[in-house]
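Bear in mind these aren't lab numbers, they're just calculated from the coordinates by the rules spelled out. The structure displayed is predicted, hence computed values, not measured ones. Positions of Cβ are backbone-derived with ideal geometry, glycine not excepted, and every protein chain shown enters the neighbour counts.
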Amino acid sequence: MFQSLRDPGLEGICTTPIMSIIEHQKSLEQTLANIPDAPGVYQMMGRTGEILYIGKAVSLRSRVRSYFQDSAVHHPRTVAMVERVVDVRTIVVTNEVEALILEANLIKRYQPPFNVRLRDDKRYPYLKVTSEPFPRVVFTRVVKDDGARYFGPYTDAHGLRELIDLVRLVFPLRTCREPIDGTRKRPCLQYHIKRCLAPCVGYQAQDDYDAMVAEVVLFLEGKQESLLSRLSGDMVRAAEEMNFETAARIRDRIVQVRRVTEKQLVVWKSRLDMDLVAIARAQGQACMQVFLVRGGKLLGQEHFILDGVVDQPDDVLMGEFLKQFYTSRTAAVPDREELAALTRVARDNQSPIPLKTRARAVSAQASAIPKELLVQALPSERGLIESWLSDGKGQRVRILQPQRGVRAEYMRLVQKNAEQNLKAFLMHQELQESAQARALTELADALELPEPPHRIECYDISNIQGTNAVSSMVVFVEGRAKKSEYRKFKIQYDRGPNDFAMMQETLRRRLRYLRRATDDDVRETREGAEPSLSSQEIELAKKERFNKKPDLLLIDGGKGQLHAVVEVLESMDMTGIPVAGLAKEHEWLYLPGQNEPIVLPPNSAGLHLVMRIRDEAHRFAITYHRQQRDKAMTRSALDALAGVGPVRKKRLLTAFGSVAAIKRADIDEIAAIKGMTPALAAQIKTALEGARP
């Protein structure tokens, strides 16, 4: 029934109790016996609770149990995954389409190592049209289910920012964050330079603003012809009504839109909406190239690097990519059942706002999905993906593999772009890895390490005379920053400015969960003895990811800070961890027990690496310190005052924008805020003037 369940990570750091092989098999056998015979999604779980693989099935019972049959012949990659599985979790859904959507969302969220996945997909930027009463166009990397309209993902953040600047130039939407409630008395500079029509002071009505937002959406969807037709009609009507200023403003907008439209390549005589997707593979990497054609014009092109593609056929890669790509493009858009619920809520509450949300959501869902997908290789789940996309668009969506003619010629063009982008990625990766390897080797030679450090942790302290003291921990793996494992500490030491004591506190809090699993520890755990860590320490180590042993501790400071850290390592019996201090004045490295510093050449790659790591730790620490200082200033100025609760505080900050603006305001202006009195306004003014700058 079961293949062998061995633990490849048995040696090294012990973070969780290690169950016996027999216990694992019994537990897994019971789980498999209770798996339902229904469609759904399954998650293969590892020993420390991590998700190894996410899949879907029409029958969860048959699919999951097939992994553990002795007679089954699996790919070596699947065998390696099964050997690490200790538990299987399942989610039952109604049908296979729901399973497909859920699978794509879970892969995007958890990034399992044995799944094909978009590289760093969560970091891709999006253009967001907010769902406020007067929407804004903003840059974001976070997609939320907040009713907003998202366009993307984009791979070029600089290009997206230029697009947002262009949209704001052509369409004078507001850029401020303050609520439009009619309380503002005069417009800001954006109005005077013709970049906003000042809805904040009532110069632009809600309906006019919504009409302009609709034009923005048409522009972003590539439907410039429809937009130009609408604008031309508005210009003619304004001129007929003798409103020549409005007509001139619309004329300028038409000129800007046409200027952009003329730069777009016409790739199709008929006004088709389609996406063309091609694959390029080399050196165990894969690049997916997407051309977005709307109304017969090339609206844009993006390329994506995939992870987990080794030994995966093209049809599997294409299917996984399409699921994840269109899940991202339709993210935060309610499905039809949710839209129906919104409609019912609107009818019951007699509120028109959800109805607007419904109309925008339907348009967003439809425009994000083309009528045709031309692919280099047909996905293995073609029918299922077509059904899912057709349901989202509201009409039939076809996935085609062109064999001849114009479509095939364009597919070859898309594939050439994919090959070129993959080649550039591999060259950049090779140069980067070569430079990082050279820097790590130079650093290891200078510090007399047995081998180049795989994991480097750097620490820095930030405070002003001991107040709002914080520290930072940044992590570099193979010479590259791993921001997901950065940590920040709020220092508990409160006896004045003492960087040495603060650094010692930081290292104790970081290293106290780091334990070594000796052979005796493993043997005792297998025989049923208590593990070396308590359950609370295990959970904290797992949560904080403090269970990874650093190959080098880098301390921002000279001999004093280094000596303080060495004392901590000695008290915790961890002197085997290499540690070095980097003095800022001359960029010298200090080692424990050595009076003379190590001076790396100015052009040394190793020196540049440690300086980059140190600067990153300093940036991370000072950013956190400023956040704590700002909170303390706000708290001491407003929160400590009797009579100023959360509601009044919010009203003050909403009206003035910042504590500094409240401080500059007159008592009468503060007293004019709803819920304030002249006496309380005077009290606030006095408190702010007495606060530290």
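Summary table
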quantity	calculated
Karplus-derived 3J(HN,Hα), 6.51/-1.76/1.60, for each residue of region 307-314, Hz, glycine and proline x	9, x, 9, 4, 6, 9, x, 4
Rounded Å value of the spacing that divides the Cα centres of region 101-170 and region 277-317	18
Likely footprinting exposure, M502, M288, M411, fewest C-beta neighbours within 10 Å first	M411, M502, M288
J(HN,Hα) series, region 586-602, from Karplus relation 6.51 cos²θ - 1.76 cosθ + 1.60, nearest Hz, glycine and proline x	10, 6, 9, 9, 10, 10, x, x, 10, 7, 8, x, 9, 10, 7, x, x
Stretchable slack from S59 to D156, in nm (0.36 nm times residue separation minus alpha-carbon distance)	30.9 nm
Which of K323, K548, K650 has the fewest Cβ neighbours within 10 Å, and the rest in rising order	K650, K548, K323
GluC sites (Glu not before Pro) within region 402-456: DSSP coil, no more than 15 neighbouring Cβ in 10 Å	E448
In order through region 127-136: 3J(HN,Hα) via Karplus (6.51 cos²θ - 1.76 cosθ + 1.60), integer Hz, x for Gly, Pro	8, 10, 9, 5, 9, 6, x, 10, x, 10
Additional length obtainable on full extension of the chain from Q401 to E430, 0.36 nm per residue less Cα span	7.1 nm
Between region 451-467 and region 468-516, the Cα center-to-center distance that results, in Å	6
FRET efficiency, K559 to T48 (Cβ-Cβ, R0 45 Å, nearest 0.05)	0.70
Sites D37 and D307, calculated FRET efficiency, Cβ-Cβ separation with R0 41 Å, nearest 0.05	0.80
Counted charge near D208, where neighbours are those whose Cβ lies closer than 13 Å (Asp, Glu -1; Lys, Arg +1)	-2
Other-chain or far-sequence residues with amide H under 5 Å of V397's (modelled H)	S390
Cα-projected label distance for E567 with V255, points at 7 Å along beta-carbon direction, nm	7.2
Long-range amide H partners of L52 with built H, under 5 Å	M44, M45, G46
Entries of K223/K650; K194/K223; K297/K483; K128/K185; K323/K423 with Cα pairs more than 31 Å apart	K223/K650; K297/K483
Dipole axis of region 21-115 (+1 Lys, Arg; -1 Asp, Glu on Cβ), positive-most option in F114, M81, L32	F114
Filter on K144/K482; K144/K548; K108/K548 - keep pairs with C-alpha separation over 30 Å	K144/K548
Contour minus Cα-Cα distance for A211 and R77 (0.36 nm per residue)	42.9 nm
Exposure proxy ranking, count of Cβ atoms within 10 Å, fewest first, for S571, S484	S484, S571
Under 15 Å, Cβ to Cβ, from H586 - net charge with Lys/Arg +1 and Asp/Glu -1	-1
Charge context of L607, other residues only, Cβ under 9 angstrom, K/R +1, D/E -1	-2
Calculated FRET efficiency for the pair D181/K483, C-beta based, R₀ 45 Å, to 0.05	0.75
